[in-house]
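The values are calculated or read from the model by the stated rules, or taken from the named source; none is laboratory data. Remember, predicted model here, so these are calculated numbers, not experimental data. Here the Cβ is made from the backbone with ideal geometry for all residues, glycine too, and neighbour counts use every protein chain on show. Just so you know, the surface numbers come from the protein's heavy atoms only, side chains and all, with ligands and any DNA or RNA stripped out. Shrake-Rupley method; radii C 1.70, N 1.55, O 1.52, S 1.80 Å.
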Amino acid sequence: MISNVRFNKYSLYILLTAFFFLIFNHYTFALEMSSKRDCVVCHIEWMEDFRTDQETLVEFPSGNVLMKDTQGVVSSEEICYSCHDGYVMESRHITWTYNRHPVFVKPSKNITVPIDLPLSVKDEIYCGTCHSAHGKGAAAQHGDPTGRTSVFREVNIDSSLCEKCHRNEASFKFSNGHPVHTKALELPVKLFELGAKPASEKNKVVCQSCHKVHGAKGNKILIVDNRNSDLCSLCHEKQKSLVDTKHDLRTTLPDEKNIKKQQLSDSGPCSACHTPHNAAGNRLWARPIKEGNPASQMCLTCHGENTDYKTKRIGEYSHPINAKLASDVKLSDELPLFSEDGAKNPKGNVQCFTCHDIHRWDPNSLINKGGKDVEGDSSNSFLRLANDSSILCLKCHTDKEQLATSDHNLAVTAPEEKNVQGFTPLVSGPCGVCHIPHNAVSNRLWAKKISSDKDTASQLCTGCHNSNGAAKAKLLGDNYHAVGVTLDKFNITTTLPLFDNEGNKTADGKIACLTCHDPHTWDPINPVQNYTSENVEGDAGNSFLRKSNSPSSDLCKTCHKEKAFVDGTDHDMNITGPEAKNLLGQTVRESGQCGVCHLVHNSPNNMKLWGRAYGKITGDEDLIDSLCNGCHSSDGIAKTKIPAIASHPEERLINNVLRSDRQSLDFSPIFDKITGAEVNVGNISCPSCHNAHQWSPLVKEKGVNKNLEGNATNSFLRNVSYNNICIDCHGLDAIFRYKYFHDPNERVEPPASLIKFIE
Amino acid sequence: MLPFLVQLILIIVVLFLPASSFAIECINTKFLFDIKPGANQPSDIALDSKGNIYLVDGVNSRIIVVNDNGGWKFSFGSEGTEKGQFKLPLGIDISDSGKVFIADTGNSRIQVFDSEGNFLYMFTVKAGHGEAPSEPVDVAASNLNNFLYVSDNNNHKIKVYKQNGTYDFEWGGFGETSGEFRYPGIMTLNEYNEIFIVDVLNTRVQKFDPFGKHIVSIGSWGVLQGHLFRPKGVALGKKNRVFISDSYMGVIQAFTDLGRFLGVICENNRIKKFKSPVGIIADKNDRLLVVEMRGNAISVLKILE
């Protein structure tokens, strides 16, 4: 049809014009494309020429789609991927696999995005917030050592780009965050194999040590899946031993959440107690924590008495924390001490963490994890050292070391004995038989049942030393040294410990077994080197006494200072009767000076805990005199010192109320004739005038270590004053009568019937 | 002589003729099924003589083998540098003899396996003097002259080896002129051993004779039909059709082997969009298998026209 068309010159002109217009227009379009081509490799949206009314193979979004307050649209993720899919640059495994930094979300309230890192038009983080092909490192090579890269807006030296927004995390010291820029630990090679970015210095921790902005395999853009805390344990390998123990709360408290409401199944076992950023306190603590030393309070968060957690409690009686070690005790690094801020400090105090490594159930085995229902004992229980030999206890309690080589090591002497936890000594360790660090029965971390809250300190001993106890072979007998009494009424002071009813040491406390005995030390002077047999029979030099009591009775003298003047006198058997034996068959070297005459335990005699055979007395004689004439008799060891006349006439009873004050110079006790107890009304007996413990009433000193012949100024007389008991009846004449009391020739003639001679 | 009004109408028609000529030319297909064997951003695909499909699952460092219906057969490879291990491989081809050639991109080498995935041998794609480390992204095994073409997109060259790994010759280099490349990628050979090479950032597919002599470039830059923006895959079909995938535009277009645009792959006369299509292949049953990198799938289509 067109062939039939006839054109005039005008129409031909118009047609040619239209033809050239088309050609020219198309040519212009091609030039535009060519000049912009390199830009459009990424910025396809910039290419206005592509936005034609023809159907294109791509859809063009309208307007400024991404960057806020800038000249226009920038490249999209799709355009990035079209090169970074391996065919221009390989980033599939990094950027488009696993997790990446959140984009197209508004920054959280903890984040402050600086103005030079732009947000999108919706004030959201987007790729271009961090990335720009035209950033400060545009010319840099990949892996540029100065931190420049071709795609970051800013240099990124040691995660400096991250820290521009994450300032809180960067200021870790103020925000209780995981340290960055520290080189405290050696970072494992594996960390970098898994995707960590090496910092400018070896072992330096930076954000990208743990986080990977693209291609992160874990939540929170961690380089690996950390739901089992695998990332944490890469560096903190030792703590990995926590997994599957009771402290792996996935086992014991699976629904527990930390302060960030993170569930263990999502955030891993470490997260139960630690969170890497914005923690509650030191050590990245992720649980509520009370005031106090973090090295203990972290434990007490769950194990304290006033918590809601259904976990093991330490109980009312628990090992003290914040305790200062004795000055002579030095701990090695294996048992750390802590300063107030919870940091390890060799000069610090004892805290829970001193004994416990809460990440490891069994100090001797990484395999033994214990488990949810396994009851721990002294060999595990998150202790830093296995304690089934009480090694851990003895690291600090060095003064208790001798217990193991004594009969109080029940592993030897009573292996079947059990503490309140039901553990035998072989399980609990020698210390654990009597003491448990937590949930003890009473003070002193006592691990035995006690019958009452009275005289607790003595019950610690009688718990075993009773007729049904483990130490039933070593009982106190019916007559034993007073316990449960205070010293004030005796006007005695002592450096030995006294105890209140709860067993606390107190200056005005009562005498208890522990006053004289240190149950941890068999021999206070000579530690036992070779403890090979059990049930050793002791003497006054050992027997768990706090002080050696033989041959000098130093222990007794600590309290009975007035009796100490017997030392070196004729009544010191070291001087006058070294071979003499008490009822236990002990010589003075074995029994000590006091023990020659007094038996602290198991004395058959109630009177003065007499440890020797009573002397013979007739029915009308004072029992108290039998203490003296046991020796001062014809077959006694003091047979050379027998008074011719030894008794006072019993014409009338003597009232010595005014002379019963022991502190009085003219103290003259009167004794019950039958029982020998001190009374106010009675007759004169030997001790009325004699103080067997002091040679001379004028000299409060020890003897001279010689067997002396005495006179009326010494001879163990109580006093030589003009106001002695004799005066009460005999007037001043008594001074003369007093001198000749034992002399039948010189003394004033008493009725013959009243004169009795000692046989 | 026509009245002036008729002439004016004719002129207007002529003026609008180009616009009407840009109506989409469709080559209709029918979607058959997707194969989703658990790959992560797979890249390339090859068929063996039995019709089994070998898929490069590079991010997972393995090759997945499924049957022609997508049924799982086996996989081989793991991450690493040892024999039989891969580091982000991208390309694959299978020779008529059944050897499976893998462009082990991250390890700068070619690994050769039998059809069961057993390792046979490997060789390094060496960088020449002054060159960057090689990054072989695809291989094409010639069945006529025993050549193995390797596209090294880090040096913008095609390196040619004997199939036993002996280096033979190379051509290319960075540039935009014919015979030069800006990131050569997936390749395919026709029955005459002429090779079609995707030239990614030059937005074209170049066709060469077996020895690297440029024959023709297919496609041009743009976003209209017949244009390429980010070409990735090339495959040959019946009727001398050259299928080219475009990963950004998400389309596949067909050209003649001399570069004339034929049409866009459509379904029901509407452009068929793919999720970042890369490697493609047409099988003997006129099926077009498209690797959708971001779809983690192989989309199987029946070519209807």
Per the list (1) in contact (Cβ under 8 Å) with a residue 40 or more places away in the chain; (2) in contact with a Leu (Cβ under 7 Å, 6 or more places away or on another chain); (3) within 27 Å of A:VAL679 (Cβ to Cβ), residue check on A:ASP570 breaks on (3)
Could you say whether any residue in the range A:594-603 is closer than 21 Å to A:ASN691 by Cα and part of a helix (DSSP H, G or I)?
yes
Read through the list (1) farther than 30 Å from A:LEU185 by Cβ; (2) among the aliphatic types (A, V, I, L, M); (3) free of Cβ contacts under 8 Å to residues at least 24 places away in the same chain, then give the number of the only condition that A:LEU264 fails.
(1)
Of these, A:SER389, A:SER381, A:SER327, which one is at positive phi and either in contact with a Phe, Trp or Tyr (Cβ under 8 Å, 6 or more places away or on another chain) or open to solvent by 60 Å² or more (accessible area, probe 1.4 Å) (or both)?
A:SER381
Kindly indicate whether A:CYS302 is free of Cβ contacts under 8 Å to residues at least 60 places away in the same chain and in contact with a Cys (Cβ under 6 Å, 6 or more places away or on another chain).
no
Among B:ALA103, B:ALA39, which is under 24 Å from B:ILE252 (Cβ atoms), outside any strand (DSSP E or B) and either out of contact with any His (no Cβ under 9 Å at 6 or more places or on another chain) or within 14 Å of another protein chain (Cβ to nearest Cβ) (or both)?
B:ALA39
Residue in the range B:168-190 that is farthest from the other protein chains (Cβ to nearest Cβ), counting only those that are over 16 Å from the mean Cα position of the chain (by Cα) and part of a loop (DSSP other than H, G, I, E, B):
B:GLY179
Go through the range A:587-636 and give me each residue that's small (Gly, Ala, Ser), over 15 Å from A:GLY676 (Cβ atoms), more than 45 Å from the chain's Cα centre (by Cα) and open to solvent by less than 50 Å² (accessible area, probe 1.4 Å).
A:SER633, A:GLY636
Per the filter on the range A:428-442, residues in a helix (DSSP H, G or I), touching a helix residue (DSSP H, G or I) at 6+ places or on another chain (Cβ under 6 Å) and open to solvent by 10 Å² or more (accessible area, probe 1.4 Å) are A:PRO430, A:CYS431
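Yes/no matrix, rows are residues, columns are (1) over 18 Å from B:LYS126 (Cβ atoms); (2) of a type outside the set (Lys, Arg); (3) touching an Asp or Glu at 6+ places or on another chain (Cβ under 9 Å):
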| position | (1), (2), (3) |
| --- | --- |
| B:SER61 | yes, yes, yes |
| B:ILE64 | yes, yes, yes |
| B:SER78 | yes, yes, no |
| B:GLY84 | yes, yes, no |
| B:LYS99 | yes, no, yes |
| B:ASN107 | no, yes, no |
Test result for A:ASP244, assigned by TED's automatic domain parsing to the domain that holds A:ILE367, in a loop (DSSP other than H, G, I, E, B) and touching a residue at least 40 places away in the same chain (Cβ under 8 Å)
yes
Filtering the range B:42-66 down to residues that are open to solvent by less than 10 Å² (accessible area, probe 1.4 Å) and part of a loop (DSSP other than H, G, I, E, B), which residue is nearest to the other protein chains (Cβ to nearest Cβ)?
B:SER43
Taking the range B:67-95 and keeping residues open to solvent by less than 40 Å² (accessible area, probe 1.4 Å), more than 14 Å from chain A (Cβ to nearest Cβ) and among the small types (Gly, Ala, Ser) leaves B:GLY70, B:GLY71, B:GLY77, B:GLY84, B:SER95
What strands (runs of 3 or more DSSP E) lie completely within the range B:215-305 and have 1 or more residues being farther than 29 Å from A:THR52 by Cβ and within 14 Å of another protein chain (Cβ to nearest Cβ)?
B:277-282, B:287-292
Check on A:ASP230, buried (at least 18 other Cβ atoms within 10 Å of the Cβ), assigned by TED's automatic domain parsing to the domain that holds A:VAL374, out of contact with any helix residue (DSSP H, G or I) (no Cβ under 6 Å at 6 or more places or on another chain) and acidic (Asp, Glu):
yes
If we scan the range A:405-421, do we find a residue that is part of a loop (DSSP other than H, G, I, E, B), β-branched (Val, Ile, Thr), out of contact with any His (no Cβ under 9 Å at 6 or more places or on another chain) and under 25 Å from A:ARG250 (Cβ atoms)?
no
For the structure I just gave you, tell me whether B:VAL56 is of a type in the set (Val, Ile, Thr) and modelled with pLDDT under 95.
no
